[in-house]
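Colleague: Take a look at the following structure, please.
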Amino acid sequence: MKRNEKGQVLVLVALAIFVLLGFAALGIDVGFIYSVRHELQRSADAGALAGASAFIDVGPWSTTLTDPAMVAAKARALDFASRDNVIGSRLDQASEITVTFPSQDNVQVTTQRTANLFFARILGIYTQPISATAVAEVATASRKVKCLKPWGISYPWNDNNLNGKYDAGDTIHTDCPPGITDTTWYFCPGSLIQIKVSTHSSNTNPIPQQEPSHFFELDLGQLNNLQGCLPHVNQGSSSYLDYIKSRCLDNCVTVDSGPNGTGDTIPLQTGNSPQNTIRGATYLRDQDLNGYWTPGALHPESPDFPGSLWVDSPRVIRIPIYDPRFDQLNPGSGVIHVAEFAGMWIDHVDPIQGNSGQGTVYGRYIPISAMGQAGGGGGTVGTPNQKFLHLVK
């Protein structure tokens, strides 16, 4: 080999090494960038979901950023987005996390970090800014809602002629107006409501919402059979007690809501079952016997379910709501059409025997997440709407 040919080989080897280093930079550094972006996306997803959860248990979305729900949403988003490490350390809430509210009931979280590169430095590229964005939404659950208890109550109304039955002249309330302080006739957080009654009630506190001979018992066992859903296949009182005591995993019945009487039909139990009502409701209460209501926070607290875990208490239940304008219930058997879903916390059970209070269950209205899907029409836009979280981006 001639000397000038050896020089050419050296040049070719040098160029090949440069190309190989370029491919190394492409393979290693690009892979590293994708890994960092995955960590940033995980943080953004967690922050967006946590932020949007404030619109369920703190208050509604607002255009005023200083409203309690908006302040809580931003604080939760920043907190959860900065909990996991990105390249070995947590994100800085002030400079590396941005929280915005692009539309109603939406929270957008953008996370970013500048990563130091490796082989790309040979090419003069030392760092790379990387970012990820997630948007979480609180949507109304109106389809395939499950984990319901066999109690169905109506929207509250003012019984103007005191006959215990909804009449055309009565005033119905589907939500909790801003600034309301008297919750007697509204589904406001903390409203004390009879969610299961045994005798006809008059127009007194707490909210009775009852037509004569309607005891708020739902025959989920019959609905179960219609859906071909197992394991509960019995109807009547035994199934009624099963559905009061059941865990969510044991209750596979799903229900769709709809406005103007278009929601799923649920049959009513015939007669009254005070003993099974007392047994079932007492069972749920005793699973969290140390739980108590906190008027200031407008939600329950419990040493057995500390902090935000109160939503997992067996005393926290979900029930269907019907609209008395479209369901005129008569004595004996009948049906309701589900308008919406409401969360309740079992406050106490009244086992007094006699003409009043027999098998009556009292609950506090609470905004909690539902277990279902969006779509399918939904009910009247009001307080009882149950919400659920999901990522939309």
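Just so you know, all these numbers are worked out from the coordinates, no wet-lab data involved. Bear in mind the structure is a predicted one, so any value in this text is a computation, not a measurement. A quick note on method: Cβ atoms are made from the backbone with ideal geometry, for glycine too, and the neighbour counts reach across all protein chains shown.
Colleague: What spacing in nm lies between the two simple spin-label points modelled at Arg247 and Ile33, each 7 Å away from Cα in the Cβ direction?
Modeller: Taking the simple label geometry, Arg247 and Ile33 are separated by 4.7 nm.
Colleague: Then there's this: Which values of log₁₀ I(q)/I(0), to two decimal places, follow from the Debye formula for region 3-138 at q = 0.10, 0.11, 0.16, 0.21 Å⁻¹ with a uniform point scatterer at every Cα?
Modeller: Values, matching the q order: -0.46, -0.51, -0.79, -1.07.
Colleague: Report the local net charge at Ser369: Lys and Arg +1, Asp and Glu -1, summed over other residues whose C-beta lies under 13 Å from its C-beta.
Modeller: Result for the local shell: -1.
Colleague: Then there's this: Which net charge results for the neighbourhood of Glu301, defined as the other residues with beta-carbon distances under 14 angstrom from its beta-carbon, given Lys and Arg at +1 and Asp and Glu at -1?
Modeller: -3
Colleague: Sticking with this structure for a sec: How much FRET efficiency would the formula 1/(1 + (r/R0)^6) give for Thr270 and Ser62, where r is the Cβ-Cβ distance and R0 is 45 Å, rounded to 0.05? Show your work: numbers first, answer last.
Modeller: Working: r = 46 Å, r/R0 = 1.02.
Plugging the Cβ-Cβ distance into 1/(1 + (r/R0)^6) gives 0.50.
Colleague: Okay, moving on. Could you put Trp151, Trp185 in order, starting from the residue whose Cβ has the fewest other Cβ atoms within 10 Å?
Modeller: Result, fewest neighbours first: Trp185, Trp151.
Colleague: Same structure again: So which of Lys74/Lys146; Lys165/Lys196; Lys74/Lys387 end up more than 24 Å apart by C-alpha?
Modeller: Lys74/Lys146
Colleague: Stretched out fully, how many nm does the piece from Phe118 to Arg279 gain, at 0.36 nm a residue minus the Cα gap?
Modeller: 51.3 nm
Colleague: Next question. As I understand it, the dipole of region 53-132 uses +1 on the Cβ of Lys and Arg and -1 on the Cβ of Asp and Glu, about the Cα centre. Which of Leu78, Gln128, Leu117 lies farthest toward its positive end?
Modeller: Result: Leu117.
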